[in-house]
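First, the structure itself, so that you have it in front of you.
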Protein chains: 2
Amino acid sequence: MPANVLAHPHVDPRRGQVDATDVILTGDRPTGSLHLGHYAGSLRSRLALQGRCAQTLLIADLQALTDSSGRAADVARHVSEVALDYLAVGIDPALTTIAVQSRLSALAELTVLYLNLVTVARLERNPTVKAEVELRGFERDIPAGFLCYPVSQAADITAFRATLVPVGDDQLPMIEQTNEIVRRVNRLAGVSVLPECRSLLSSTPRLPGIDGRKASKSLGNAIPLSATADEIRRLVRAMYTDAGHVRASDPGRVEGNVVFAYLDAFDPDPATVSELKERYQVGGLGDLALKRRLEGVLEALIAPIRARRAELGGDRAYVMDVLRAGSARAGATTEAVLRDVRGAFALDA
Amino acid sequence: MPANVLAHPHVDPRRGQVDATDVILTGDRPTGSLHLGHYAGSLRSRLALQGRCAQTLLIADLQALTDSSGRAADVARHVSEVALDYLAVGIDPALTTIAVQSRLSALAELTVLYLNLVTVARLERNPTVKAEVELRGFERDIPAGFLCYPVSQAADITAFRATLVPVGDDQLPMIEQTNEIVRRVNRLAGVSVLPECRSLLSSTPRLPGIDGRKASKSLGNAIPLSATADEIRRLVRAMYTDAGHVRASDPGRVEGNVVFAYLDAFDPDPATVSELKERYQVGGLGDLALKRRLEGVLEALIAPIRARRAELGGDRAYVMDVLRAGSARAGATTEAVLRDVRGAFALDA
């Protein structure tokens, strides 16, 4: 595990919220390789939490299919890419379970059972579903799987008896939906078979793409965790700063300046970043000097990740073994939960 | 197997439609014991088809939960009641597989995968779903599982690679929905992994309840397959005939006359039934004489079923064994289909 990763100062500061008995479930849809936005937004927290309580990373390939069933082969390929990214940043499979959603048949069974506990109207009111439907332009042609995906998420969360789920503000309705289902299952069972879960809200602002827009692999505006030194230089040089900041002597804007957003996220010396912001706003600090500093910061962060990725990339059998072992461990957990939930529905175990 | 059952003249006459290579999937929701309406409408056909091609009877407990999750214990109890009814009428587990839906995890996995291939708008347009939503008064509070149940049915049908599905007119949209999913899976796979299915339409008119309304256990207007001779007499005596037929000498109506509906369905001597209809319409045939004839016919039909039911009812372990063995055989079939469908979605087998 690259030592610099865990020693990094920007780990999630709200350690006090997490208890040793907590069970964390989180993960990613395998729709592309991970980038620095994922690192700042979630991977860093996962590293910080690793070993402090039970943690499972679920590679949500079935969920990726809910809006990409036509790109199934792509999704399949990205399962091992995402696993490789996890291992490269320092996720240790001895401390964190890495599992593949589609290998856990209990999740589908829980989903089908939970669909009986939620009305269509309730799903349609889910703000996250509403927003995503708009974003993807589905309108009335929403795949049924997409409408039902809050139920599938509830299946994922409860299948691990997760108590803590890292989310962004926009995903809070998912937690509420999950807890509604938990209460209904417990009422059916007459005893508490599932725990309610809490959200672990990220305080990190979303890292923008190099053009200031939302980072996305398809826009080519994200910096991949596997970027070479040359790619880092090229992408940092292309970063949006302040269109009004033409000469180094001009006063510049810090807000909306992508270089400062990245320095805030990754520079291990925040005091110096504060000084640089002051000098930039007054005038007398050129973009190139700033970008050179950021290049150094990102190269220091990414170089060990890149090296470990290259090493593991040459040993795909190891990555496959990690997924197999993690999914087997997760399978035992989720099957046990399924037995309890089936009991609540008076189905034999 | 009671010999009189297979020898009965009213078996499904459209034998020509069924091929020895056909695979039939059918079944029942375990929401109550079966009655004469089930016998006339489906059980008799199943007996006639038994041994002529592969046939599976699925006891659809998960589907029963889509509108009865609050009555889960009731559903669970009726699983073995329905199995007992099957065995009592002469279903032979060596010739017909009897399986429990909730024991086949592949069905839930197929459902979740298929949900990605169907839009919400398409499900809402399904006339069967529309009709059932009205019937049950769900309006906007439809459980999501209920909206999705055509997808669950498609999972059931395809999981057995069924080619022939006995349905009523009102269920034809289900077959169409299933074949749409089949074509999408085959297109994703690039080869034909699932067969399309045909409907086996019943030509038998629906048997009314004794009051002329739709037969239903909850209305108490159905004659159970387990009825005693006394119950048969009581229910037949209470049958609706013709309110205008007061004296035996009055002319009477045959249409809408429940006694004639039952004689049409079950009397082994249709020529005599025709004569009786003529006499009844002219006048001179009393209701009591007719009802006595029907009592005899029904007692002859039900007595061996009742005897076999009593015999098996004392050996619940045997019924459980039948369900266990049938579900295991069905499990092997459905898991093999799931592997093929997962392949179509580029998920590892």
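Coordinate-derived values only; no laboratory data. Computed from a prediction, not measured in an experiment: that's the story for all the values here. Ideal geometry is used to build each Cβ from the backbone, glycine not excepted, and the neighbour counts take in all protein chains shown.
Given Cβ point charges of +1 (Lys, Arg) and -1 (Asp, Glu) and nothing else, what value in debye, to the nearest 20, does the dipole of the protein assembly as shown about its Cα centre take?
For the protein assembly as shown, the charge dipole is close to 160 debye.
Efficiency by 1/(1 + (r/R0)^6): what FRET value for A:T272 and A:K130, r their Cβ-Cβ distance, R0 = 51 Å, to the nearest 0.05?
0.75
Report the Cα centroid-to-centroid distance between segment A:90-141 and segment A:267-327 in angstrom, as an integer.
About 31 Å separates the Cα centre of segment A:90-141 from the one of segment A:267-327.
Let me ask something additional. Can you compute the charge dipole magnitude of segment B:217-312 about its Cα centre, using +1 on each Lys and Arg Cβ and -1 on each Asp and Glu Cβ, nothing else charged? Give it in debye, rounded to the nearest 20.
In total the dipole reaches around 300 debye.
Put +1 on the Cβ of each Lys and Arg and -1 on the Cβ of each Asp and Glu in segment A:217-312; which of A:A222, A:G296, A:L276 then has its Cα farthest toward the positive end of the dipole?
So the residue we want is A:A222.
If I histogram all Cα-Cα distances within the protein assembly as shown using bins 20 Å wide from 0, what percent of pairs lands in each bin?
All Cα pairs considered, the percentages come to 16, 40, 26, 12, 5, 1.
When a footprinting reagent is the concern and you count Cβ atoms within 10 Å, what order do B:I59, B:I175 take, fewest first?
Fewest to most other Cβ atoms nearby, the residues stand as B:I175, B:I59.
Set the Förster distance to 35 Å, then compute FRET efficiency between A:S218 and A:T21 from the Cβ-Cβ distance, nearest 0.05.
After rounding to 0.05, the efficiency reads 0.30.
Once you have the alpha carbon radius of gyration of chain A, what is it after dividing by 2.2 N^0.38 Å, with N set to its residue count?
For chain A, the normalised Cα radius of gyration is 1.07.
Moving on to the next point. Taking amide H atoms as placed 1.01 Å from N in the peptide plane, list the residues 5 or more away in sequence, or in a different chain, whose amide H sits under 5 Å from that of A:H35.
It is A:L225, by chain and number.
Ok, one more. Note down the nm distance, to one decimal, between modelled labels 7 Å out along Cα→Cβ at A:E176 and at B:E311.
Once both label points are built, they end up 6.1 nm from each other.
Collect residues whose amide H, placed 1.01 Å from N in the peptide plane, falls under 5 Å from the amide H of B:S199; neighbours closer than 5 in sequence don't count.
Under 5 Å from the amide H of B:S199: B:V165.
Each label point is 7 Å from the Cα along the Cα-to-Cβ direction; what then is the distance between the points at B:E231 and B:D141, in nm?
Label at B:E231, label at B:D141, 3.3 nm between them.
Just the Cα atoms of segment B:217-312, one point each, no solvent: what log10 I(q)/I(0) does Debye give at q = 0.14, 0.15 Å⁻¹?
Reported log10 I(q)/I(0), two decimals: -0.53, -0.60.
Oh, and also: Using the Karplus curve 6.51 cos²θ - 1.76 cosθ + 1.60 with θ = phi - 60°, work out ³J(HN,Hα) for each residue of segment B:142-152 in order, rounded to whole Hz, and write x for Gly and Pro.
5, x, 4, x, 6, 4, 8, 6, x, 6, 4
Give me a comma-separated list of calculated 3J(HN,Hα) values for segment A:159-170, in order, Karplus coefficients 6.51, -1.76, 1.60 applied at θ = phi - 60°, integers in Hz, x for any Gly or Pro.
5, 9, 6, 5, 10, 9, 10, x, 9, x, 3, 5
According to a simple spin-label model (label point 7 Å from Cα along Cα-to-Cβ), what is the distance in nm between A:M320 and A:D92?
Modelled inter-label distance: 2.7 nm.
Quick one: grab Rg to one decimal and Dmax as a whole number for segment B:90-199, Cα atoms only, in Å.
14.7, 45
Evaluated at 4 °C with a viscosity of 1.567 mPa s, what Stokes-Einstein diffusion coefficient in µm²/s does segment B:189-233 have when Rh comes from the Kirkwood expression over alpha-carbon pairs?
91
In square nanometres, what is the average projected area of the Cα convex hull of segment A:85-137?
If I average the Cα hull's projected area over directions, I get 6.2 nm².
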